[in-house]
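The values are calculated or read from the model by the stated rules, or taken from the named source; none is laboratory data. Not measured: the values here are computed from a predicted model. Cβ placement follows ideal geometry from the backbone for every residue including glycine, while neighbour counts extend to all protein chains displayed. Side chains are part of the model used for accessible areas, which takes the heavy atoms of the whole protein and leaves out ligands, DNA and RNA. Shrake-Rupley method; radii C 1.70, N 1.55, O 1.52, S 1.80 Å.
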Amino acid sequence: MRIVIAKDAGYCFGVRDAVNLAYDVAERENEVYMLGDIVHNENVIKDLSDTGAKVVDSLDDVPDDKKVLFRAHGTVPDLWKKAEKSGKEIIDATCPLVHKIHKEVKELEEEGRRIVVIGDHGHDEVVAIAAQANNAIIISNKEEAVELRKFRKIGVVSQSTQMIENVQGIVNILISKIYDVRFINTICFPTKKNHEQIKDLAIDCDVIIIIGSFTSANSKRLTKMSKTINDKTYQVTCADDINSSWFNECSKVGISAGASTPDYLIKSVYDKIKKISKNK
């Protein structure tokens, strides 16, 4: 049984830098406090917690003499202001590409445009993007785009890990009903590459394994994308989730992983599938 791992599976550079920063600060300072999960992967959060990076729900839970780390997904402006006003030292682990989306939103609003964010309702990144403008509108699918009332001018950006097909479908509807639409494609390059690779793997392989937390939007999106092509697609959080029966009459397995999945989880899944292959 041949096993192929997608070239860009797992951590994108923004997540890798954020996690490494959290480890470095926790080891140097003994403790650092993260407002919410730095990335959407419970295994990573547990590892960080063991190192001294603690997750808290509120800025008030951070001791006065401790640093606060803002996560990769971005942070709403009000929280930045509150942290600065409190005098706490901020460690900014926001992905540079997310910072760029924030900048694009502000510039679009300065042009007098109502901001539309294409993304998942309630997702940390989407909430932070929308908070960069006044009364931004979040749209997750084409049905919501159809229901949007008419505006003269809108500026459109997307969550960095959206599927291009969903974004294109929504933008086409917006263009058909709104006079002046300016769209900036803010899907990040690592996401585009990962999506392209999973489409190829899903066609070429008998079974697809996606590694990622079920709290991770981009991992679930990879799974959904693969399943539309190959119904023998399975999402796992780690090697323990793998069922050997998935590989009956299988000659080629493709593995990919969400942007919040660390290398060691990918390796452990690969090793288990390799072991299953030898036993068949």
For LYS224, put the label point 7 Å out on the Cα→Cβ axis and report which residues of the stretch 136-163 keep their amide N under 19 Å from it.
138-148, 157-163
What helices does the chain have that are whole DSSP H segments, at least 30 Å long along their own axis by Cα, and with mean Kyte-Doolittle hydropathy of 1.0 or more?
none
Which value, in Å², gives the accessible area per residue of the chain when a 1.4 Å probe is used on the protein heavy atoms?
48 Å²
Packing-based ranking, highest mean first, of 35-42, 139-146 given that Cβ atoms within 10 Å are counted:
35-42, 139-146
Rounded to the nearest 500, what is the 222 nm mean residue ellipticity of the chain from helices alone, with -39500 (n - 2.57) per DSSP H run of 4+ residues and division by all residues?
-13500 deg cm²/dmol
How large is the dipole of the chain about the Cα centre if only Lys and Arg carry +1 and Asp and Glu carry -1, each at its Cβ, rounded to the nearest 20 debye?
1040 debye
Shape box of the stretch 32-79 [Cα atoms, principal axes, largest first, Å]
29, 23, 13
Residues GLU107 and LYS150, FRET efficiency given R0 of 30 Å [Cβ-Cβ distance, rounded to 0.05]:
0.85
Projected onto the charge dipole of the stretch 132-280 (unit charges on the beta-carbon of Lys, Arg, Asp and Glu, signs +1, +1, -1, -1), the Cα from SER245, TYR264, GLN168 with the largest positive-side position is that of GLN168
Compute the separation of the alpha-carbon centres of the stretch 11-84 and the stretch 210-251 and state it in Å as a whole number.
28 Å
Using only the Cα atoms of the chain, each taken as one equal point scatterer with no solvent, compute I(q) by the Debye sum, divide by I(0), and report log10 of the ratio at q = 0.15, 0.16 Å⁻¹.
-1.10, -1.19
With ASP37 itself left out, Lys, Arg at +1 and Asp, Glu at -1 over residues whose Cβ is under 11 Å from its Cβ give -1
Share of accessible surface on carbon and sulfur in the stretch 1-77, whole %, 1.4 Å probe and ligands ignored, is 41 percent
With 0.36 nm assigned to each residue of separation and the Cα-Cα distance removed, GLU143 to LYS85 gains 16.7 nm
Accessible-area value, MET225, 1.4 Å probe, nucleic acids and ligands omitted, Å²
10 Å²
Say the cut-off is 26 Å between C-alpha atoms; which of LYS232/LYS267; LYS106/LYS227; LYS252/LYS272; LYS54/LYS274; LYS54/LYS272 go over it?
LYS106/LYS227; LYS54/LYS274; LYS54/LYS272
Take the alpha carbon atoms of the stretch 95-123, find their center, do the same for the stretch 148-179, and report the distance between the two centers in whole angstrom.
13 Å
Once the principal axes of the Cα atoms of the stretch 1-104 are found, what is the range along each, listed largest first in whole angstroms?
57, 37, 21
Can you compute the equivalent ellipsoid semi-axes for the stretch 21-173, i.e. the square root of 5 times each eigenvalue of the Cα gyration tensor, sorted largest first and rounded to whole Å?
33, 17, 11
Only Lys, Arg (+1) and Asp, Glu (-1) charged, at Cβ; the stretch 124-280 dipole about Cα centre in debye:
200 debye
